[in-house]
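Here is the structure we will look at, set down as structure tokens.
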Amino acid sequence: MALDGIVTRSIVHELQSCVGARIGKIYQPSTHDLIFNLRGSGNSKLLLSANPTYPRIHFTERSSINPSEAPMFCMLMRKHCEGGTIESITQVGMERIIHMIVRTRDELGDVSAKKIIIELMGRHSNIILTELNSGTIIDGIHHVTPSISSYRIVMPGFAYTEPPQQHKLNPLEISEDEFLSLISKAEQDIPEVDTEAIGDLEEELKADGSGGPAPSVDPLGWIVHAFSGISPLIAGEIVQRYTSSGALIATLGFSIENQMQLWEAFSSIMEQVRENQFSPVAGANAKGKLIFSAIPLTLLADAVKEYSSISQCMEDYYGDKAERDTVKQRVSDLIRFLGNERSKNVKKLAKLQEDLDEAQEADRYRIWGELLFSSLHTVSKGDKSATLVNYYDENQSDIVIPLDPLLNPSDNAQRYFKKYNKYKNSLLVIDEQLIKTHEEIAYMESLLQQLAHASLNDIEEIREELVGQGYLRDRNKKGKKKKKTTRPTLQVFTSSEGIDIYVGKNNLQNEYVTNKLASSNDTWLHTKDIPGSHVVIRSETFGDATLEEAAQLAAYFSQAKQSSSVPVDCTLIRHVRKPSGSKPGFVIYDHQKTLFVTPDEDRIKSLPSSLKS
């Protein structure tokens with residue numbers, strides 16, 4: 001994981017600008033995340049995330065949709081911290097633990113101090129609110145009960161206990177002599193001891209960084225084992241600098257020269273960290289994996305991206321990874337359902353095509369029946385076939401007609417007339433079913449495409465749409481009815497010319513943007529014959545740059561996102577209409593012209609965007 005003690009230190013250093021700021025509104029957009037709106041020294045938004053996969057804390061500019069009813073932990077944080085002043089933000093040693101002291105006034109007007117503890121520790125990450133003086137836990141965003149952990153409990157009313165100590169050394173407090181001494185101790189064989197003293201020995205080894213691999217054999221493993229706050233990524237960077245200095249990893253101990261070279265590589269990085277000289281970077285390592293760091297890395301291959309702040313780096317690195325993971329978990333059942341529905345309709349389409357091919361032979365049965373009626377005297381019961389002159393053929397050629405030997409000639413003729421009438425009538429039904437099945441497949445594909453770009457709010461709107469269309473049962477039927485929102489929340493991009501471009505992410509949003517929000521002279525865009533978003537340029541006058549960017553958005557938020565030269569139709573809203581009785585989001589249009597664009601993700605991300613309702 002890239003977020004180690006060094007990254008945490010760089011975050012805390014950057015967050016010193018928050019000291020003295022007041023906490024405005026507090027939101028909890030998801031189960032693991034809090035957003036603090038800060039006032040003073042420049043208004044900003046601070047994200048605190050205890051996401052088990054992407055724990056982090058940094059300034060953010062991303063817009064998020066908040067639930068209509070705030071979760072209980074959010075309400076509690078509002079009660080104790082809103083309006084409070086941030087007095088200090090500190091890191092615990094070189095650990096991934098941050099303490100934020102907030103001073104505010106309680107309901108009686110008395111001054112009270114709270115400590116927000118942010119633990120950025122993978123699946124054990126947490127945000128815990130405590131009383132500063134007593135250390136009593138007020139609550140945590142994630143509860144840890146006795147059945148989960150016997151070491152510590154994170155529940156209201158319990159005393160806060162720090163996570164288990166790793167007994168590693170602080171790399172910023174190590175001198176050259178101490179570093180060389182640690183190498184010597186780590187290189188020595190552990191003497192044999194009696195079993196009664198083994199516990200004391202283990203504590204001693206942990207306390208001085210011993211007990212790990214020998215630095216001569218595995219310097220990376222030794223550094224990670226001995227020092228706190230150093231991830232394998234930074235340890236690898238130290239070793240990279242060590243080996244690039246001309247040193248070779250020894251197999252039989254270190255020479256003094258090797259030890260000094262390792263110290264110099266170690267010290268060069270720790271000096272930057274000690275002096276808070278951070279220069280965040282991101283890029284791909286030798287294996288092509290995307291990584292980020294608070295300090296420059298020689299491990300990174302080409303195309304290194306530099307950032308002016310660690311918040312910008314983390315915002316760019318994590319992007320919407322956390323939300324996408326949550327979305328994937330929420331939409332797995334919908335994707336499975338829509339995939340099954342699509343497969344059923346594809347099979348139905350194949351069967352209908354078979355029936356259509358057979359029904360198109362209806363005229364053959366009519367001809368057989370008429371020929372049999374005109375030649376009843378030449379056919380006898382028991383015949384398996386009849387060879388008759390085909391008067392409908394211009395060459396008057398013979399035709400062999402299969403017969404049921406158990407039926408008389410008249411009944412055989414009647415059988416063919418019944419088949420003719422059956423298939424003739426079924427042709428209309430089959431044609432209707434073919435149209436309906438094609439529509440169903442297109443509808444399922446459009447919803448699958450929408451789920452690929454869906455936010456958490458979009459998912460619920462898609463689920464409600466499927467309930468409304470009768471595909472799913474209403475899970476809230478017995479519970480409290482949700483208040484229907486007539487205005488969906490829309491993502492609005494601003495073009496390089498300053499013009500608003502609205503993008504619908506699901507059928508509810510598409511219909512609202514196209515049929516209710518847009519004016520008749522606004523410009524509408526959609527990928528040609530490809531499932532995608534409705535895009536509307538909310539202006540009658542704009543330049544080629546805005547049109548190009550709107551076409552980019554239409555192509556990007558479509559099934560052809562990864563394609564090149566994607567056809568995008570554009571026309572005025574007044575030429576777009578919804579057929580009566582059609583599926584949600586379906587429209588027909590004319591007077592269009594077609595643009596061909598290749599979606600550029602970096603260009604899309606560079607466009608300013610916001611959420612509007």
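Observations
- Assigned charges on the beta-carbon of Lys, Arg, Asp, Glu; the chain dipole about Cα centre (debye): 3380
- Relative contact order for the chain: 8 percent, from Cα pairs under 8 Å spaced at least 6 residues apart, divided by residue count.
- In the chain, taking the dipole from charged Cβ atoms about the Cα centre, the farthest positive-side position among 442, 386, 294 is held by 386.
- Over all directions, the projected convex hull of the C-alpha atoms in the range 264-358 averages 10.7 nm² in area.
- Sparsely packed loop sites in the range 44-124 (the GluC sites (Glu not before Pro) outside DSSP H, G, I, E and B with at most 14 other Cβ atoms within 10 Å) comprise 61, 69, 107.
- Sparse packing (at most 15 other Cβ atoms within 10 Å of the Cβ) combined with a DSSP loop state is found for the following GluC sites (Glu not before Pro) in the range 263-369: 275, 361.
- Nearest 10 degrees, 0 to 90: helix 176-187 Cα axis against the chain principal axis: 70
- Evaluated at q = 0.12, 0.13, 0.14, 0.18 Å⁻¹: base-10 log I(q)/I(0), Debye formula over Cα of the range 1-151: -0.47, -0.56, -0.66, -1.14
- Sites listed here are GluC sites (Glu not before Pro) in the range 498-550 whose DSSP assignment is loop and whose Cβ has at most 11 other Cβ atoms within 10 Å: 540.
- With only the Cα atoms considered, the range 1-79 has a convex hull volume of 104 Å³ per residue.
- If only the Cβ of Lys and Arg carry +1 and only the Cβ of Asp and Glu carry -1, the dipole of the range 253-339 around its Cα centre is close to 520 debye.
- Distance histogram in 10 Å bins (all Cα pairs of the chain, percent per bin): 3, 12, 17, 17, 16, 12, 8, 5, 4, 4, 2, 0, 0
- Stokes-Einstein D in µm²/s, Kirkwood radius over Cα pairs - the range 309-378 at 10 °C with 1.306 mPa s viscosity: 88
- Pairwise inverse Cα distances across the range 496-543, averaged and inverted, put the Kirkwood hydrodynamic radius at 11.1 Å.
- Rounded to 10°, Cα long-axis angle of helix 409-452 versus longest principal axis of the chain: 20
- Rh (Kirkwood; distinct C-alpha pairs) - the range 495-612, Å: 14.1
- Unit charges at the beta carbon, dipole of the range 49-115: most positive-side option, 99, 113, 86: 99
- Of all stretches in the chain that contain no trypsin sites (Lys or Arg not before Pro) in a DSSP loop with at most 14 other Cβ atoms within 10 Å, the longest one is 1-286.
- Spatial offset of the range 1-79 relative to the range 266-338 amounts to 18 Å, using the alpha carbon center of each.
- The range 306-459: equivalent-ellipsoid semi-axes (sqrt of 5 x gyration tensor eigenvalues, Cα, Å): 64, 14, 11
- 3J(HN,Hα) along the range 79-95: 4, 9, 10, 4, x, x, 9, 7, 8, 7, 9, 9, 9, 7, x, 10, 7 Hz, from the Karplus curve 6.51 cos²θ - 1.76 cosθ + 1.60 with θ = phi - 60°, whole Hz, x for Gly and Pro.
- Bridging of residue 328 to aspartates and glutamates at a Cα separation below 14 Å is possible for 320, 458, 460, once same-chain residues fewer than 8 apart are set aside.
- Cα gyration tensor of the range 79-186 - equivalent ellipsoid semi-axes, whole Å, descending: 33, 19, 10
- Degrees, to the nearest 10: 256-274 long Cα axis against longest axis of the chain: 70
- Across 351/578; 348/419; 185/289, pairs whose alpha-carbon gap is larger than 25 Å: 351/578; 185/289
- Å² per residue, accessible surface of the chain at 1.4 Å: 51
The values are calculated or read from the model by the stated rules, or taken from the named source; none is laboratory data. These figures come from a predicted structure and were not determined experimentally. As a convention, Cβ positions derive from the backbone with ideal geometry for all residues, glycine included, and neighbour counts pool all protein chains shown. Only protein heavy atoms, including side chains, enter the accessible area calculation; ligands, DNA and RNA are left aside. Shrake-Rupley method; radii C 1.70, N 1.55, O 1.52, S 1.80 Å.
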